[in-house]
Each structure stands twice: as structure tokens, then as C-alpha cells.
Amino acid sequence: MQIVEDMTQAPKDWNKPSFDDSAWDQTQLPVSWRMYHTALLRTKFTVKDKNAFDGLRFRGWLFRQQAIEIYLNGQLIGKVNNLEEKTGNVDAEFNASAMKHLKTGENTLAITTRHNWRWGMLSMHVYNDGFGFRLDGRKK
């Protein structure tokens, strides 16, 4: 994870599999960060056989998040912006074109998101729950 004030400060190709993120902070979700700043998050995962899957789904707990972009192996596969309720769970299936970016072997998932609210305000459980997400694969 790396925090930047604005996406213009994001390192070049931060979402690409070849990007060296070894100097970035390691964290476990859920996580929170400074108000009005942008989080860049990256992880790797291994798929034994991509042909065993026929769909991908993004699931996340979002609190006042903006401009969420989801990249799989360097390719933009989804965007979430301006939640109607500002807070809540998102469960979104990607269209079939996202599947072409999944590969057998090592994959890189990169997500960027900006928030616009102070964590833990209004006696909500937000501070402890922060921002969390996962990418699921649907087996054939």
C-alpha cells in the first residue's frame, strides 16, 4: 500500500505486474488513511487453471470512497464511483471481457481509491472496518 495526495503523484506504471512495490508499506485489510488522500493497493495471487473460472466479482466494504479503479494484471477491469448511500457493501460482477486478463499462474490485482470523510465519525463502526475488498472467481 502507498498513500499519495493525488493520483498525479502515483508512481508510473504502479498498476503493472512488473512494478517493484517492495518499498511500499505492507498492510492487511480493512485499512484507513488520511482524509482526501488516495490509496494505491497491490497484491499478487496464483491461479492454478484460469479455465476453471467463468467470471470475476468485486466485493467491498466502502465508506465515502471515490474513484475506485480495479486493475487485473495492469488492465483496468472496473470502476466504482459515487455510491448512492456513501457507505455500504458493493457486490459487482465484471463482464466477460475482464476474464481475458486473468491468467494461469501469478496475477497482480491493483486498486486505487480516494476517500472524503474522517474515519470513525458519527459513532459509526467505520474506523475499525475501514476499506476492505476482495476479488472472487466463479468456477464453471
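Annotations for the structure displayed:
- If the condition is being free of Cβ contacts under 8 Å to residues at least 60 places away in the same chain and touching a strand residue (DSSP E or B) at 6+ places or on another chain (Cβ under 9 Å), then the stretch 20-30 contributes ASP21, ALA23, TRP24, ASP25, THR27.
- Single residue of the stretch 57-80 satisfying the filter (crowded, with 19+ Cβ neighbours inside 10 Å, in contact (Cβ under 8 Å) with a residue 60 or more places away in the chain and within 16 Å of TRP14 (Cβ to Cβ)) that is nearest to the chain's Cα centre (by Cα): ILE70
- Given (1) assigned to a strand (DSSP E or B); (2) crowded, with 17+ Cβ neighbours inside 10 Å; (3) at pLDDT 85 or above, number of the condition ASP54 does not satisfy: (2)
- Total residues in the stretch 101-116, condition assigned to a loop (DSSP other than H, G, I, E, B), modelled with pLDDT of 95 or more and not β-branched (Val, Ile, Thr): 3
- Residues (closer than 17 Å to LEU135 by Cα and of a type in the set (S, T, N, Q)) located in the stretch 28-52: GLN28, THR43, THR46, ASN51
- Some residue of the stretch 39-51 being at pLDDT 85 or above, in a loop (DSSP other than H, G, I, E, B) and closer than 16 Å to ARG114 by Cβ: no
The values are calculated or read from the model by the stated rules, or taken from the named source; none is laboratory data. Computed from a prediction, not measured in an experiment: that's the story for all the values here. Virtual Cβ from ideal backbone geometry, glycine too; neighbours counted across all protein chains shown.
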